[in-house]
Amino acid sequence: MKFWFYFMICFGLLSGSHANEAPSLAEDPVVEQRLVVIAEELRCLVCQNESLAGSRSDLANDLRREVRTLIKAGKSDAEIKEFLVSRYGDFVLYNPPVKPTTWLLWFGPLLLLLGAIWILIRSIRQTQSNAKAQVLDAEQRAKAQALLQETDSSK
C-alpha cells in the first residue's frame, strides 16, 4: 500500500514538472478563421480524401503554415489558391476548374460507369445469343434421345 502511495506522489511530481501550457494556435483569430475557410477548400496531398483543414499529416501542417504566412503577408484568398495551384497543380483544390487538363478528373468516373454498362449489356446479349444457339431442332433432339436410351439399355 505504501508503494502505491509513494509511486503516485513521485508520478504526480514528475508529471507536473513536465507539463507545459499548450501553445496558442491562434496568434490572431482573424488569420486563423481565414485559414480555416481557405483550408476547407484545399485537398491534403497526402491524405487526398481529406481537406487541408482536417488533415494532421506533416505536409498539411506545412501547407497550413505556408497559408498562414501568405495571409499575414496580405495576400487575397484567390492569390493564395493560385500560389498553391502553381506549386501543386489543380489537384490541390477540392473543386478544380473544368478545363482540358482536368477533364479526366471530372468525367473519368462517368466514362468508367458507361464502359461498365456497355460491357454488361454486351455480355448479356452474348449469353442470350449463345442460349438461342444451343436450342436443338427436332432431328438433334431425336438423336440425343436415342443415345440416352442406348446408354440406359446397356446398363
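The values are calculated or read from the model by the stated rules, or taken from the named source; none is laboratory data. This one's a predicted model, so the numbers in the text were calculated from it and none came from an experiment. All Cβ positions, glycine included, derive from the backbone under ideal geometry; neighbour counts span all protein chains shown.
Odds and ends about this structure:
- Filter pass, Gln48 being closer than 30 Å to Glu27 by Cβ and surrounded by fewer than 12 Cβ atoms within 10 Å (Cβ to Cβ): yes
- So Ser154, is it over 30 Å from Val36 (Cβ atoms) and either aromatic (Phe, Trp, Tyr) or out of contact with any strand residue (DSSP E or B) (no Cβ under 6 Å at 6 or more places or on another chain) (or both): yes
- Tally of residues being hydrophobic (A, V, I, L, M, F, W, C), within 28 Å of Val37 (Cα to Cα) and assigned to a helix (DSSP H, G or I) across region 79-124: 11
- Residue match in region 4-17 (condition: more than 26 Å from Lys99 (Cα to Cα) and at pLDDT 90 or above): no
- Residues within region 48-73 that are under 19 Å from the mean Cα position of the chain (by Cα), part of a loop (DSSP other than H, G, I, E, B) and either over 17 Å from Asp90 (Cβ atoms) or among the aromatic types (Phe, Trp, Tyr) (or both), tallied: 6
- Test: residue in region 93-112 that is surrounded by fewer than 10 Cβ atoms within 10 Å (Cβ to Cβ) and touching a residue at least 40 places away in the same chain (Cβ under 8 Å): yes
- Meets criteria (without any contact (Cβ under 8 Å) to a residue 40 or more places away in the chain, farther than 16 Å from Arg34 by Cα, loosely packed, with under 11 Cβ neighbours inside 10 Å and more than 21 Å from the chain's Cα centre (by Cα)) for Ser76: no
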